[in-house]
Amino acid sequence: MTDAPIDPLVIIELTNLKAAGKLRELAKHPGLSMKPEWIGELAADKSWLVRRYLAENPAIASSPEVIQTLAADKDPDVRSWLAQNPAITNYPEAIQALATDKSWLVRRYLAENPAIASSPEVIQTLAADKDRSESVRRALAQNPAIASSPEVIQTLATDEDWVVRRYLAENPAIASSPEVIQTLAADKDPDVRSWLAQNPALASFPEIITKLSKDRSKNVRESLASNLSVHAASTNSWQVAQPVTQAPTI
């Protein structure tokens, strides 16, 4: 990791906060990466609020030891805020620990984090989560990061919870999975088909557009009619298909 560029004014501001004992403000300061030695101190602070503000601060990206410490913090609120932080992107061990956290809220927040795109195993773990209703899988189904895991997309497309399938149906990540789009287009729940009909990814699948345009549900047909991406694709196809009209020979 490269050191953050030093801004004297920010250093003064950080120093003043620490001197005044305003550790919560210090913990969430975006320039904290200029004082990496203080990040470690804040991660061990006795106040869970200080650690909680630190856990959501992108400045911790340059402190792998701190990320590991916060991933094992005794307070689930601290771990929940860390799970939402994009700074964990390059730390697969921390992501894996959060994916199997005993708190379902921690796992749910992690499932929403784009940072999991680099960890296919974690995405699979979250897709198999059965604890505390379907909250984790619902969050995962909305995350564009699942585009890196086509097997998971297929699993979610047949999830027993219709809300999981509904969130997946509006996720642009399904664009790379024609089989999944076909599965969702035939879903027994009209709400799932309706959200699929609004998905911009549908523009590349004319046969599915035709299928949904004849759907038995009025809501599905109306949703398709409001899809601007589908309109654009249809217009382009029409223009390409038009024969070139030659001027009459005189």
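The values are calculated or read from the model by the stated rules, or taken from the named source; none is laboratory data. Remember, it's a predicted structure, so these values are computed and weren't measured experimentally. Neighbour counts are summed over all protein chains in view; Cβ atoms, including those assigned to glycine, are modelled from backbone coordinates with ideal geometry.
It is to be established whether one or more residues within the stretch 31-51 are over 16 Å from residue 106 (Cβ atoms), touching a Gly at 6+ places or on another chain (Cβ under 9 Å) and in contact (Cβ under 8 Å) with a residue 12 or more places away in the chain.
no
Can you name every residue in the stretch 29-45 that is under 17 Å from residue 69 (Cα atoms) and not in a helix (DSSP H, G or I)?
Scanning the stretch 29-45 gives 44, 45.
Looking at the stretch 71-88, which of its residues are under 17 Å from the mean Cα position of the chain (by Cα), over 21 Å from residue 164 (Cα atoms) and buried (at least 17 other Cβ atoms within 10 Å of the Cβ)?
80, 81, 82, 85, 87, 88
Condition test on residue 164, is it closer than 26 Å to residue 79 by Cβ, assigned by TED's automatic domain parsing to the domain that holds residue 214 and buried (at least 22 other Cβ atoms within 10 Å of the Cβ)?
When the stated conditions are applied, residue 164 passes them.
I need a count of the residues in the stretch 104-142 that are among the polar types (S, T, N, Q), under 10 Å from the mean Cα position of the chain (by Cα) and surrounded by fewer than 21 Cβ atoms within 10 Å (Cβ to Cβ).
Qualifying residue count for the region: 1.
Of all residues in the stretch 186-236 being of a type in the set (Ser, Thr, Tyr) and loosely packed, with under 12 Cβ neighbours inside 10 Å, which is modelled with the lowest pLDDT?
Among them, the one singled out is 235.
Given the residues 110, 70, which is the only one that is of a type outside the set (Phe, Trp, Tyr) and either closer than 20 Å to residue 30 by Cα or not in a helix (DSSP H, G or I) (or both)?
Checking each option against the conditions leaves just 70.
Filter the stretch 90-102 down to residues that are assigned to a loop (DSSP other than H, G, I, E, B) and either surrounded by 17 or more Cβ atoms within 10 Å (Cβ to Cβ) or of a type in the set (A, V, I, L, M, F, W, C) (or both), then give me how many there are.
Summing the residues that are assigned to a loop (DSSP other than H, G, I, E, B) and either surrounded by 17 or more Cβ atoms within 10 Å (Cβ to Cβ) or of a type in the set (A, V, I, L, M, F, W, C) (or both) in the stretch 90-102 gives 2.
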